[in-house]
Amino acid sequence: MQRVGDSIELRLEIAQPARTGARVVFRLVAHNLSSRTLELHLAGREPTFDVVVSRSDGSMVWRRLEGEVLPAIAHVRLLAPGDSVATLITWNRRDARGRAVGPGGYFARGFLLVDGPPLVSPEVPFEIPSS
Amino acid sequence: MRAGAAGRAAVVVALAAVAGCADTPQPAGPETDVLASAGRQDQMSAWFAQASPAVLALAGTVFADHDEGAGKLVFGIEHAAAATGVRTALARLGIPSSAYDIVVTEPIRYAATLRDRWRPTIGGIQIHFGQYLCTLGFNADDGTERSFITNSHCTNTQGGVEGTEYFQPTSTVDPTVIAVEVEDPNYFRGGACPRGRKCRYSDASRARYSSTVSSTRGSIASTSGPNNGSLEVTGTFTITAQDNNTTNFAIGTTVNKVGRTTGWTQGAVTRTCVNTNVSSSNITLLCQTFVENPGGAVVVGGGDSGSNVFRITSGSNVELVGLLWGGNSSGTLFVFSPLKQVRDEIGAFVATN
């Protein structure tokens, strides 16, 4: 078995909202790129993903796990070559204070919490349409 | 051992040179010294072969060496009191005191981490059950039952006893079941508990040790320093006291924890008696304590569940104050159940040394 390093890729996919009021759906996929089985030590009893939405100036709009208290357990998960761990996260387009987020360009980044620094996806731009 | 074989090879070459010059008047000086030296080395080697096992079998000994360069045997001991036993053993073997030196030296230890196998077990080390990793918080005696305390969510089912079996550090490294879950109170509804949720005042469970597994009560592994990320165990904290009374800790109180993921971390109490919803569950833990490091250091990570929480009273003496169970997603805040609430729910126990 190989420890996680550069062998795992975290990808964030965004289903662009069709209309201004629609929720935003994020899909996070952690994929084993290597030819060996990886032993992941994931934070939580189940894989725990986070998403951060930011404006173009870098200011944070919303964080899925903001204010959450997570049990500090680690889950041992074996990921076979080519296998993935994935989840869907739905955002109701409200910021941390519950205010509706207006139309415009935003950026999202995904995280998979492990028993060390989290795995981080590349930043992905998306649009919230004006109508 | 230093180059003994090379030393002998040199002696053999020297002897061959002398034999080849048998008709030559044997010169005095160097060749005679070589012969004498060769004899001494052989005597030393013979003595070393006998002395090494005899000396290293004695308590307080660290190493045995045949220093060919100095032409002496050298024995390392942890403390001066061990010297008498070493001298007695060597005298029995007929080894004169001029043939050896005894030196006091640091003991040699394996560089073991919180994630390695420890026997006897101590607080802060890794435990494994099912597909999960947690931390052994601390050893405790519940009446006559030798036990350890960890989190309720570090059992197969959070709330209720189902006989979770624990391994240390993992079942792969050692398949011995070190302990079995024997206490994990059920969560309650109503009363102080928010509607639709279930509650407890501590995220604690107790596991009873197998009779063949050794444990040390009152010891918590320590690493080189707080908040430095090191997992290498360099010593132990001693639990000399346990706080069975405090629910509301003073804001700013410095507390520590030792866990298998982030090691020894330290922070200050920022909130007390907080009713806390556990993420992705319908569980609320009532009257919990929040801790953060003022500098924003990471103080908790996945796998630290069950960690001991303590105050340092002096040197390596500590007072046990609670049991860690969770933290925020960035790891800069950890949450613990006060020890009083742990004992209120799983019963009185003794965790001091």
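Bear in mind that the values in this text are calculations on the coordinates, not laboratory data. All figures in this text were calculated on a predicted structure; none of them were measured in a lab. We place every Cβ from the backbone using ideal geometry, glycine too, and count neighbours over all the protein chains shown.
A few comments on the model shown:
- For residues of B:151-161, the mean tally of beta carbons on other chains within 10 Å: 1
- Straight-distance crosslink candidates among aspartates and glutamates, where the alpha carbon sits under 13 Å from B:K257 and sequence neighbours closer than 8 are dropped: B:E292, B:D304, B:E319
- Helix-only mean residue ellipticity at 222 nm for the protein assembly as shown, each DSSP H run of n ≥ 4 adding -39500 (n - 2.57), per residue, nearest 500: -4000 deg cm²/dmol
- Dipole check for chain B: with +1 at the C-beta of Lys and Arg, -1 at the C-beta of Asp and Glu, and the Cα centre as origin, the magnitude is about 1040 Debye.
- Between A:T90, A:V29, A:I73, the Cα set farthest toward the positive side of the dipole of chain A (charges on each charged residue's Cβ, about the Cα centre) is that of A:T90.
- Put simply, the Cα atoms of chain A extend 50, 29, 23 Å along their principal axes, the longest span coming first.
- Net charge over other residues, Cβ less than 12 angstrom from the Cβ of B:S202 (K, R count +1; D, E count -1): -1
- Residue order, fewest to most beta carbons within 10 Å, for B:T150, B:T236: B:T236, B:T150
- Bridges between two residues of chain B, per DSSP, are antiparallel at a rate of about 80%.
- Modelled label reach - B:S330, point 7 Å along Cα→Cβ, the stretch B:222-248 residues with backbone N closer than 13 Å: none
- Take the Cα of B:S98, step 7 Å toward its Cβ, do the same at A:E13, and the gap between the two points is 8.6 nm.
- Using bins of 5 Å that start at zero, the share of Cα-Cα pairs per bin across the stretch B:206-295 amounts to 3, 11, 14, 17, 21, 18, 11, 4, 0, in whole %.
- Per-residue average of Cβ from other chains inside 10 Å of A:60-71: 6
- Placing unit charges on the Cβ atoms of the charged side chains and taking the dipole of chain B about its Cα centre, the candidate lying farthest along the positive direction among B:G259, B:G143, B:G315 is B:G143.
- For the protein assembly as shown, share of DSSP beta bridges that run antiparallel, in % to the nearest 5: 85
- Computed from the C-alpha gyration tensor, the three semi-axes of the ellipsoid equivalent to the protein assembly as shown are 59, 31, 19 Å, from longest to shortest.
- Dipole of the protein assembly as shown [Lys/Arg +1, Asp/Glu -1 at C-beta], most positive-end residue of B:T113, B:T238, B:G301: B:G301
- Using only Cα coordinates, the Kirkwood hydrodynamic radius of the stretch A:81-131 works out to 13.6 Å.
- Gaussian network model of chain B, springs between alpha carbon atoms under 10 Å - residue of B:A179, B:A64, B:A250 with greatest fluctuation: B:A64
- Mean projection of the Cα convex hull over all viewing directions, computed for the stretch B:264-353: 6.6 nm².
- Cβ neighbours within 10 Å from other chains - mean over B:329-335: 5
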